[in-house]
Amino acid sequence: MLKVLVILLVGSSQWLHAAGQLRAGAAKVDISHVDTQPVNDPPYVKALVLKDDTTTAVIITMDVVSIGMIGSVPNDYMEKIRAKLNADLGIPPTSFLVNTSHCHAAICGDIDEKTVECVKAAWAKLEPVRGGVGTGHEDRISENRRFKLKSGRTADVRHAYSLPADEEIVEVGPIDPEIGLYRFDRLDGTTLAVIYNYAVHPIQQVPNGRNTADMTGFSSQVVEDCFGQDTTALFIQGCGGDINPVLYKDVSAPRNAETLGSLLGISTMRAARKIKTAEVGEFKIVSQTIELPRADFAERIDLKKAERDKLVASLGGTSLNFKTFQPLAIANGLSQDFPSYYSHRYLHDRKLGRADYDRLDAENQRNMAAYLNNIHTMEEITRVQTNIRLLEMHQAQNVAAGKRTLDVELVGLRLGDFHMLTFPGELTVEIGLNLKQAAMHENTFIAGYTNGYIYYAPTADQLRNPGSAQEDCDTLLAPEWQELFEAKALEMLNGL
Ligand SMILES: [Zn+2]
């Protein structure tokens with residue numbers, strides 16, 4: 001009799017526990033484009049389905065550049081996967097958080113079908129989990145790509161153009177070294193999944209030039225290998241709009257995403273292992289669409305064109321061309337006092353009261369300075385011209401849109417003490433730092449590149465930059481967007 005009672009009690013407590021229990025399932029599917037180039041390390045779509053009695057959240061991460069607009073994921077991707085997964089599994093359209101790492105991998109043509117397949121595989125594996133939040137630190141792999149010049153203007157680091165002269169650069173912007181993460185363990189203690197959030201453009205590439213999921217593909221692989229318990233690591237890109245990998249412009253050694261990505265993986269792993277998992281507690285996902293003001297770049301384009309014309313007009317004639325400039329630059333770099341011949345010739349000359357070599361050197365140095373001045377002007381014209389093209393493209397898009405606002409979906413996710421807010425554009429790092437600082441919850445994390453793509457989303461100050469930088473030209477937004485977004489983001493975060 002006692003035995004039966006014990007069994008009944010155990011049975012009923014398990015049943016009660018199961019009723020509010022969060023369940024999770026994870027899966028990943030290779031999304032490489034197999035025909036374009038050989039694969040170094042495959043890009044993936046990964047899905048983490050989270051479900052209790054009342055709520056379902058589907059976190060999807062993809063090693064792609066964006067959802068629509070600039071990459072090969074179609075513009076109707078979100079609509080398609082929402083409709084299909086609602087029809088087949090009954091998942092509400094508001095349950096999705098789909099983040100792209102922003103790496104430049106070449107991917108398959110049927111990304112929506114692969115995503116659906118991945119979510120279904122995760123759904124089929126739902127099992128009870130415990131969870132816990134954590135934070136890590138990584139400051140060796142990223143750098144802010146915007147810097148202030150002596151002129152007060154801002155310029156940026158791209159391969160699309162050359163950098164300003166070293167002596168012009170006086171200050172660099174901040175990075176966000178924080179890794180925000182959440183670990184899900186199965187009830188047997190093994191780790192089912194880790195989601196982790198960090199801000200960096202994963203655009204370092206690999207030395208063999210093959211298809212790669214880049215830095216954040218490697219970091220996820222480190223986490224999955226280290227846990228080795230059928231663990232899925234899902235990277236959620238943060239406010240990486242103006243954050244580059246370090247050594248992005250290196251020309252002396254092959255750029256290698258694996259080195260930097262592995263460091264991120266190790267730091268993530270170090271933080272993930274410290275997490276103590278428990279019952280997840282509050283579990284919520286909310287989605288809201290807000291309207292943000294579109295920019296009118298007409299005046300800015302006119303100003304930039306006037307600036308370009310002024311730069312062109314400032315070019316002066318020079319005696320030297322690149323062929324004659326180069327050996328002179330090397331000779332003067334090696335020996336400033338005696339660039340044209342051995343020093344004894346100069347000394348003999350001087351003893352005889354002549355200064356022929358000194359005069360020649362002075363003339364060469366004047367010509368070199370004039371030539372270099374033209375080069376710097378040409379480089380500045382390249383930066384201005386490249387950014388005028390971006391402004392003109394977005395001005396045309398904003399005019400074609402037929403309305404002065406842009407609809408933007410924000411998602412809020414709460415998992416116990418973990419709070420996340422997402423945005424579709426490339427948020428610059430200061431916005432993430434602002435929100436983390438202002439939010440009432442300690443473990444607050446911000447993700448860009450989620451549930452759509454609207455190009456860059458720089459701060460109001462960055463948008464007013466009189467110089468030329470990608471983030472403030474490769475955007476659809478007017479400066480007023482920042483205040484509207486930050487207010488709504490805080491309201492959503494604090495209400496989670
Ligand atoms: Zn970008």
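Select, from Gln205, Gln229, Gln221, the only residue that is modelled with pLDDT under 95 and either in a strand (DSSP E or B) or not aliphatic (A, V, I, L, M) (or both). Please lay out each step first, then the result.
Numbers: Gln205 fails: modelled with pLDDT under 95; Gln221 fails: modelled with pLDDT under 95.
Only one candidate qualifies: Gln229.
Write out, first by first residue and then by second, each pair whose Cβ atoms fall under 7 Å of each other, whose residues are 6+ apart or on separate chains, and whose first residue, in the range 128-155, is over 18 Å from Tyr456 (Cβ atoms) while the second is crowded, with 21+ Cβ neighbours inside 10 Å and of a type in the set (Lys, Arg).
Listed by first residue and then by second, the contacts come to Gly131/Arg183; Gly132/Arg183; Gly134/Arg183.
Looking at Glu409, Glu471, Glu392 in this structure, which one is more than 15 Å from the ligand (Cβ to nearest atom), in contact with a Gly (Cβ under 7 Å, 6 or more places away or on another chain) and of a type in the set (D, E, K, R)? If you could, list the steps in order and put the result at the bottom.
On the way: Glu471 fails: more than 15 Å from the ligand (Cβ to nearest atom); Glu392 fails: in contact with a Gly (Cβ under 7 Å, 6 or more places away or on another chain).
Residue meeting the stated conditions: Glu409.
In the range 240-274, how many are closer than 27 Å to Ile431 by Cα and either more than 16 Å from the ligand (Cβ to nearest atom) or part of a loop (DSSP other than H, G, I, E, B) (or both)? Steps first, please.
Looking only at the range 240-274, we keep the residues that are closer than 27 Å to Ile431 by Cα, and these are 240-249, 257, 260-272.
Among the residues that remain, those that are also either more than 16 Å from the ligand (Cβ to nearest atom) or part of a loop (DSSP other than H, G, I, E, B) (or both) are: 240-242, 246-249, 260-272.
The number of residues fulfilling the criteria is 20.
Kindly indicate whether any position in the range 428-444 is away from the ligand (no atom under 16 Å from the Cβ), of a type in the set (S, T, N, Q) and in a helix (DSSP H, G or I).
To start, the set of residues in the range 428-444 that are away from the ligand (no atom under 16 Å from the Cβ) comprises 433-444.
Checking which are of a type in the set (S, T, N, Q) leaves us with 434, 437, 443-444.
The next check asks that each one be in a helix (DSSP H, G or I); those that pass are 434, 437.
Yes, there is a match, as at least one residue in the range 428-444 is away from the ligand (no atom under 16 Å from the Cβ), of a type in the set (S, T, N, Q) and in a helix (DSSP H, G or I).
Go through Leu334, Leu347, Leu303, Leu320 for me and flag whichever is within 40 Å of the chain's Cα centre (by Cα) and either surrounded by 10 or more Cβ atoms within 10 Å (Cβ to Cβ) or more than 26 Å from Thr386 (Cα to Cα) (or both). Step through it out loud before you land on a result.
Values: Leu334 fails: within 40 Å of the chain's Cα centre (by Cα); Leu347 fails: within 40 Å of the chain's Cα centre (by Cα); Leu320 fails: within 40 Å of the chain's Cα centre (by Cα).
Exactly one residue qualifies, and that residue is Leu303.
For the range 71-94: of the residues being over 21 Å from Trp123 (Cβ atoms) and at pLDDT 95 or above, which is nearest to the ligand (Cβ to nearest atom)? I'd like the intermediate steps shown before the answer.
Looking only at the range 71-94, we keep the residues that are over 21 Å from Trp123 (Cβ atoms), and these are 71-76.
Next, only the ones that are at pLDDT 95 or above stay: 73-76.
Numbers: Val73: 15, Pro74: 19, Asn75: 18, Asp76: 22 Å.
So the residue we want is Val73.
Of all residues in the range 445-468, which are assigned to a strand (DSSP E or B), over 18 Å from Gly134 (Cα atoms) and not aromatic (Phe, Trp, Tyr)? Before you say what the answer is, go through the steps one by one.
Of the residues in the range 445-468, the ones assigned to a strand (DSSP E or B) are 445-447, 450, 455-457.
Going one step further and asking which of them are over 18 Å from Gly134 (Cα atoms), we end up with 450, 455-457.
Across the range 445-468, the qualifying residues are Thr450, Ala457.
Here are Arg294, Arg345, Arg308: which of them is in contact with a strand residue (DSSP E or B) (Cβ under 7 Å, 6 or more places away or on another chain) and either on the phi > 0 side of the Ramachandran plot or basic (Lys, Arg) (or both)? Spell out the reasoning first.
Values: Arg345 fails: in contact with a strand residue (DSSP E or B) (Cβ under 7 Å, 6 or more places away or on another chain); Arg308 fails: in contact with a strand residue (DSSP E or B) (Cβ under 7 Å, 6 or more places away or on another chain).
Criteria check complete, one pass: Arg294.
Find the strands (runs of 3 or more DSSP E) located wholly in the range 118-170 whose residues include 3 or more that are under 20 Å from Asp242 (Cα atoms), and list them.
Numbers: elements: 127-137, 142-144, 146-149, 154-156.
Because the criterion is at least 3 residues that are under 20 Å from Asp242 (Cα atoms), the strands (runs of 3 or more DSSP E) in the range 118-170 that meet it are 142-144, 146-149, 154-156.
Give the residue that is surrounded by the fewest Cβ atoms within 10 Å (Cβ to Cβ), with candidates limited to residues of the range 182-208 that are without any contact (Cβ under 8 Å) to a residue 60 or more places away in the chain and more than 16 Å from the ligand (Cβ to nearest atom).
Asp188
If I filter the range 79-95 for residues that are within 22 Å of Leu415 (Cβ to Cβ) and either touching a Phe, Trp or Tyr at 6+ places or on another chain (Cβ under 7 Å) or not assigned by TED's automatic domain parsing to the domain that holds Pro424 (or both), do I get at least one hit?
Scanning the range 79-95, I find at least one residue that is within 22 Å of Leu415 (Cβ to Cβ) and either touching a Phe, Trp or Tyr at 6+ places or on another chain (Cβ under 7 Å) or not assigned by TED's automatic domain parsing to the domain that holds Pro424 (or both), so the answer is yes.
Of everything in the range 220-261, what is among the hydroxyl-bearing types (Ser, Thr, Tyr) and touching a Ser or Thr at 6+ places or on another chain (Cβ under 7 Å)? Give them in sequence order. Give the steps one after another, and end with the answer.
First pass over the range 220-261, keeping only residues among the hydroxyl-bearing types (Ser, Thr, Tyr): 220, 231-232, 248, 252, 259.
Scanning the range 220-261 gives a single hit, Thr231.
Which pairs do you get when a residue that is more than 30 Å from His394 (Cα to Cα), found in the range 422-442, comes within reach of a residue that is of a type outside the set (Phe, Trp, Tyr), reach meaning Cβ atoms under 6 angstrom, with the pair 6+ apart or on two chains?
Close Cβ pairs (under 6 Å, with a partner that is of a type outside the set (Phe, Trp, Tyr)) amount to Ala438/Leu490; Ala439/Leu493; Met440/Asn494; His441/His419.
Quick check: is even one residue across the range 321-328 over 27 Å from Ala160 (Cα atoms) and either in contact (Cβ under 8 Å) with a residue 40 or more places away in the chain or in the same structural domain as Gly131 (by TED's automatic domain parsing) (or both)?
Checking the range 321-328: at least one residue is over 27 Å from Ala160 (Cα atoms) and either in contact (Cβ under 8 Å) with a residue 40 or more places away in the chain or in the same structural domain as Gly131 (by TED's automatic domain parsing) (or both).
Test Met492 against the stated conditions and say whether it is away from the ligand (no atom under 16 Å from the Cβ) and assigned to a loop (DSSP other than H, G, I, E, B). Give the steps one after another, and end with the answer.
Values: away from the ligand (no atom under 16 Å from the Cβ): yes; assigned to a loop (DSSP other than H, G, I, E, B): no.
Considered against the rule, which asks whether it is away from the ligand (no atom under 16 Å from the Cβ) and assigned to a loop (DSSP other than H, G, I, E, B), Met492 comes out as no.
The values are calculated or read from the model by the stated rules, or taken from the named source; none is laboratory data. Small disclaimer: the values here were computed from a predicted structure and weren't measured. When we count neighbours, we look across all protein chains shown, and the Cβ atoms used for this are built from the backbone with ideal geometry, even at glycine.
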